[in-house]
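Following: one structure in C-alpha cells, then a few remarks.
The values are calculated or read from the model by the stated rules, or taken from the named source; none is laboratory data. Just so it is clear, the structure is predicted and the values come from calculations on it, not from any experiment. Virtual Cβ from ideal backbone geometry, glycine too; neighbours counted across all protein chains shown. Surface accessibility is based on the protein's heavy atoms, side chains included, excluding ligands, DNA and RNA. Shrake-Rupley method; radii C 1.70, N 1.55, O 1.52, S 1.80 Å.
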Amino acid sequence: PMQVNQAVRIDSCRVTDKMTIKTHSTISYVNAKNFNPDEFIKMTKPGLLYTIQTNNDLKSLRDLDVIFIYSYNDDSGKPFGEITIGPEDYNQPVDENNKGDLASMKTEDTDALLNKVVTGIKDHLPMEVDEITTLVECNALPNKTLEYTYKLSTSKKDMADNFEEIIKDNLKQTIKTNAQTKMMIDAGITIVYIYKDKSGKEFSRISFDSSDM
C-alpha cells in the first residue's frame, strides 16, 4: 500500500485486461454511503483526468491508448464507485479551469463536498487529539466554511493568559505542514476552530483563511 495523502491510500495496481490498468484505493474519514456513484464520479474524475493529461510520466501510456480504471472503497470496504478514463477522455484539450481540485470547484460543489467529509468525520467523534484536547464536533457551513469544536479537560482559569495566541501560532504551523489542510485554505475555504473548557463553555474562537497564511 502507498499513502497518497492523509485520506487516500493506494492498495493495489495491476493490469486487468489488454491495455488496461486498474488501481484500487481506500478513502478514509468519508463514508461511501453518503455518496451516490454519479456524484462521486463528478467530483473525482476531473482531477484524475487532469493528472493523466498533464503528467509527463504517463505520456508513453497515453501514446499507447492505455485505459485507466480507478476503483475506490471507504474504510469499511464499501465502494464509492469506479472511474474509467480512456483515450476518448485524455485526448481532449486540457481544461485548465477544471483541474478537479478544490480551487477549481464551484462554491456549491465545494460546500457539498465539505458536507460529505464532515458526515464521515462525525462517525469518528469524539476524537482524542492529545491528553487534554478532544475534537467533539465538526460542521460544514455555507460559503466554504469548515468548523471544528474542541473540548479541553481543564478550566479556563488553569490556562495560560496567552492561550489563544499560543494556539493560533500552533494552528498556523500545523496548517503549513499539513498538505490537506493547506490545500483547503489555498482553495478559499475558511476554517474555524472553537475551544470549550471542561464545563462546555466556549472561551476561544479562531478563524483561518488564505489571508492569514
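The figures follow:
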read-out	value
Index of the failed condition, Ala32 passing every other in (1) among the small types (Gly, Ala, Ser); (2) crowded, with 16+ Cβ neighbours inside 10 Å; (3) at pLDDT below 90; (4) within 22 Å of Asn178 (Cα to Cα)	(4)
Residue satisfying all of: in the range 97-111; part of a helix (DSSP H, G or I) and surrounded by fewer than 17 Cβ atoms within 10 Å (Cβ to Cβ); modelled with the lowest pLDDT among these	Ala103
Within the range 73-96, tally of residues that are open to solvent by 40 Å² or more (accessible area, probe 1.4 Å) and either of a type in the set (Val, Ile, Thr) or in contact with a Leu (Cβ under 9 Å, 6 or more places away or on another chain) (or both)	4
Hits in the range 42-72 (condition: of a type outside the set (S, T, N, Q), within 18 Å of Pro93 (Cα to Cα), open to solvent by less than 70 Å² (accessible area, probe 1.4 Å) and part of a helix (DSSP H, G or I))	Lys45, Pro46, Gly47, Leu48, Leu49, Tyr50, Ile52, Leu58, Leu61, Arg62
Residues located in the range 1-26, provided they are open to solvent by less than 80 Å² (accessible area, probe 1.4 Å), modelled with pLDDT of 90 or more and β-branched (Val, Ile, Thr)	Ile10, Thr16, Thr20, Ile21, Thr23, Thr26
Residue satisfying all of: in the range 160-213; small (Gly, Ala, Ser) and assigned to a strand (DSSP E or B); nearest to Leu141 (Cα to Cα) among these	Ser207
Ala140, sole failed condition from (1) under 19 Å from Tyr29 (Cα atoms); (2) of a type in the set (A, V, I, L, M, F, W, C); (3) open to solvent by 50 Å² or more (accessible area, probe 1.4 Å); (4) not in a helix (DSSP H, G or I)	(3)
Qualifying residue in the range 73-81 (condition: without any contact (Cβ under 8 Å) to a residue 40 or more places away in the chain and either over 20 Å from His24 (Cα atoms) or assigned to a helix (DSSP H, G or I) (or both))	no
Sole exception among (1) open to solvent by 50 Å² or more (accessible area, probe 1.4 Å); (2) more than 19 Å from Leu125 (Cα to Cα); (3) under 27 Å from the mean Cα position of the chain (by Cα) for Lys196, by number	(2)
Qualifying position, being closer than 30 Å to Val4 by Cα and open to solvent by 30 Å² or more (accessible area, probe 1.4 Å), among Ala179, Ala187	Ala179
Matching residues, the range 143-156, being open to solvent by less than 60 Å² (accessible area, probe 1.4 Å) and either assigned to a loop (DSSP other than H, G, I, E, B) or at pLDDT below 85 (or both)	Lys144, Thr154, Ser155
